1. Stretch Ile287-Tyr180 to full length: gain in nm at 0.36 nm per residue minus the Cα-Cα span?
2. Please give the solvent-accessible surface of Val171 in Å², to the nearest 10, using a probe radius of 1.4 Å with every protein chain present.
3. Which far-off residues, 5 or more places away or on another chain, put their amide H under 5 Å from the one on Gln139, with H placed in the peptide plane?
4. Okay, which of the stretch 130-162 sit inside 16 Å, backbone N to the point 7 Å along the Cα-Cβ direction of Arg280?
5. How many times 2.2 N^0.38 Å is the alpha carbon radius of gyration of the stretch 89-216?
6. In µm²/s, what is D for the stretch 165-215 at 4 °C and 1.567 mPa s, where D = kT/(6 pi eta Rh) by Stokes-Einstein and Rh is the Kirkwood radius from Cα pairs?
7. Each residue of the stretch 162-171 in turn: what ³J(HN,Hα) in whole Hz from Karplus with 6.51, -1.76, 1.60 and θ = phi - 60°, glycine and Pro shown as x?
8. Only loop residues by DSSP count here, and only those with at most 12 other Cβ atoms within 10 Å; note down the trypsin sites (Lys or Arg not before Pro) in the stretch 100-175 that meet that.
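The values are calculated or read from the model by the stated rules, or taken from the named source; none is laboratory data. In this text the structure is predicted, and so the values were computed from the model without any measurement. Every residue, glycine among them, receives a Cβ derived from its backbone with ideal geometry; neighbour counts consider all protein chains shown. The area values use the complete protein model at the heavy-atom level, side chains included, leaving out ligands, DNA and RNA. Shrake-Rupley method; radii C 1.70, N 1.55, O 1.52, S 1.80 Å.
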Amino acid sequence: MATSSNPSSWREGMSSDNIKGLVLALSSSFFIGASFIVKKKGLKKAGASGIRAGSGGYSYLYEPLWWVGMITMIVGEIANFAAYAFAPALLVTPLGALSIIISAALAHIILRERLHIFGVLGCALCVVGSTTIVLHAPQEREIESVTEVWDLAMEPAFLFYAALVITAAFVLIFHFIPLYGQTHIMVYIGVCSLVGSLSVMSVKALGIAIKLTLSGMNQLIYPQTWVFTLVVTVCVLTQMNYLNKALDTFNTAVVSPIYYVMFTTLTIVASVIMFKDWDRQSPTQVITEICGFVTILSGTFLLHRTKDMTDGHGLQSSSSIRLPKHSEEDGFDGGEGIPLRRQETSRSP
């Protein structure tokens, strides 16, 4: 029985929309991963003839190479946005880890930043986990109008989740951040991840509306489309604001993996509640997807934990979560180019 159901599950999982979403998500990871390396090359080149960005300079704005990296990142984010219109968030979001692999590999080749053997193992784990999720991802839900997405968002289960997220975010912002924002990394990242899960749901809704509009079914006439647009704007601005604060206060090497884990986990939870992704799958498929996600998390942490290691040596610098970012960055400015769901993974040697 189990053997005969596997081919059917494969065909259902890899629908034409899922394949389009997969290609867009992979393209997004490549462009965003490469953009960090190109931008860093531009920052180094600009810093050699002017004031470095890490010291408050803006000479990189006159460096063409930096703009190439910024444009590459924008292309990647557009591809990421489009991917949500075709494939479930359960498939698209975890694939963000692939940008970490691409960034680490290109940093090793282009920037000559040594990739430890355990870093290679971390990359391999990310690939295995991503492949597992791709092979068992649920089929994208058939949606004919943005009003259908609105109805899903108005169901009691998701309304409860959204209310819980908004309440938790307000408590963190108005109570915990003034007290613990400068000493506890989870405060800033908690706000980013909570709000980020709602932003992805709204991005997906807006992406579906744009896709349907381009196919001839105008969704701009529905007020729900503009409500989702407003939610995306507010959530992304809030997310970027507190993510910049986290990057500016704490070690980037620690912020990135923790943010990836929390953001991806909450996004998957939100997607499962709103779009009921797991309702259309067997328990075996769900457990396999969870195992794939845990494998990606393990690879991500291993890659970040060993990024400063060399063969036969320990860490070259501390990765304490309370280490200020300013002491270890090389020309990166916390407020310069923060992507929606991924963070820079390369640092200067």
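1. So the extension gain works out to 34.9 nm.
2. The accessible area comes out at roughly 60 Å².
3. none
4. 134-146, 148-150, 152-153
5. Working: Rg = 19.3 Å, N = 128, 2.2 N^0.38 = 13.9 Å.
Scaled against compact globular proteins, the figure is 1.39.
6. Numbers: Rh = 12.4 Å.
D, rounded to a whole number, is 105 µm²/s.
7. 4, 5, 5, 5, 5, 4, 4, 5, 5, 5
8. Answer by residue number: Arg112.
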